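Trainee: Structure below; questions to follow.
All of the numbers you see were taken from the coordinates with simple rules; none came from a lab. Predicted, not measured: the structure shown is a model, and the values here were computed from it. Note that each Cβ is placed from the backbone with ideal geometry, even for glycine, and that neighbours are counted across all protein chains shown.
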Amino acid sequence: MSRFLAGFLFAILLAALGGGYCLAHFDFSSSPQPGRAEAWLISRSLRWFVRRSLPNPLPPEPPDDLSSQAAGQMSYGGACSGCHGLDGNTPSRFGLQMYPRVPALGSPQVQSWSNAELFSIIQHGIRYSGMPAFGKIYSDDSIWDLVHYVRSLSPRRAP
Ligand code: HEC
């Protein structure tokens, strides 16, 4: 057997052992704190998927003014605060036990999404995370109001 083939088989054996070890230690519970590497990997792939699935055409965005933000805040109180917390920045007790954990909506991670991306996230939700899709619950305009409310939570926009 050539040395190359032996090395190749050894690499496959190592990968199988590593995969088996990971599977044996993996469970579907949401209790553990998500690891750094996992959170990084998931957030990178989420960015890629969200960018890829932007609504086309994007429904026209109404002006981002106080009345739109106030309408968004009203919907937020009923639909989102149970997980994201009353003020959007203090995830609820339940949100903190989800996997991945519910992020603070004013955080740089969330505020770095574009308005169109936020629209898409709220409209379609995020699979395997508990973030629901609101596209069949709210009109496009109401989703834009929610986007504007989320945007108003940015510390840069604080009065
Ligand atoms: C049942 C719990 C739950 C409800 C209700 C909920 N969310 Fe979420 N949301 C989540 C979870 C969990 C995540 C994290 C998903 C992830 O990081 O993969 C999330 C993520 C998000 C994100 C993306 C943040 C990011 O960068 O990962 C936005 C924006 C968001 N939610 C807005 C809303 C809005 C607006 C509402 C109400 C219309 C809402 N959510 C209702 C659980 C919820």
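Trainee: Kindly provide the set of residues from segment 85-110 that are outside any loop (DSSP other than H, G, I, E, B) and either more than 9 Å from the ligand (Cβ to nearest atom) or among the small types (Gly, Ala, Ser) (or both), ordered by number.
Mentor: Residues satisfying the conditions are Gly95, Leu96, Gln97, Pro108.
Trainee: For segment 130-159, how many residues are assigned to a helix (DSSP H, G or I) and under 19 Å from the mean Cα position of the chain (by Cα)?
Mentor: Selection size over segment 130-159: 10.
Trainee: Quick check: is even one residue across segment 34-48 in a loop (DSSP other than H, G, I, E, B), under 22 Å from the mean Cα position of the chain (by Cα), loosely packed, with under 11 Cβ neighbours inside 10 Å and of a type in the set (Ser, Thr, Tyr)?
Mentor: No, segment 34-48 contains no residue that is in a loop (DSSP other than H, G, I, E, B), under 22 Å from the mean Cα position of the chain (by Cα), loosely packed, with under 11 Cβ neighbours inside 10 Å and of a type in the set (Ser, Thr, Tyr).
Trainee: If I filter segment 113-129 down to residues being within 7 Å of the ligand (Cβ to nearest atom) and in a loop (DSSP other than H, G, I, E, B), which single residue comes out as nearest to the chain's Cα centre (by Cα)?
Mentor: By that ranking, first place goes to Ser129.
Matching residues to (1) acidic (Asp, Glu); (2) closer than 19 Å to Gly125 by Cβ; (3) in contact with a helix residue (DSSP H, G or I) (Cβ under 8 Å, 6 or more places away or on another chain); (4) loosely packed, with under 12 Cβ neighbours inside 10 Å:
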site	(1), (2), (3), (4)
Glu61	yes, no, yes, no
Leu66	no, no, no, yes
Gln69	no, no, yes, no
Ser75	no, yes, yes, no
Gly88	no, yes, yes, no
Pro91	no, yes, yes, no
Met98	no, yes, yes, no
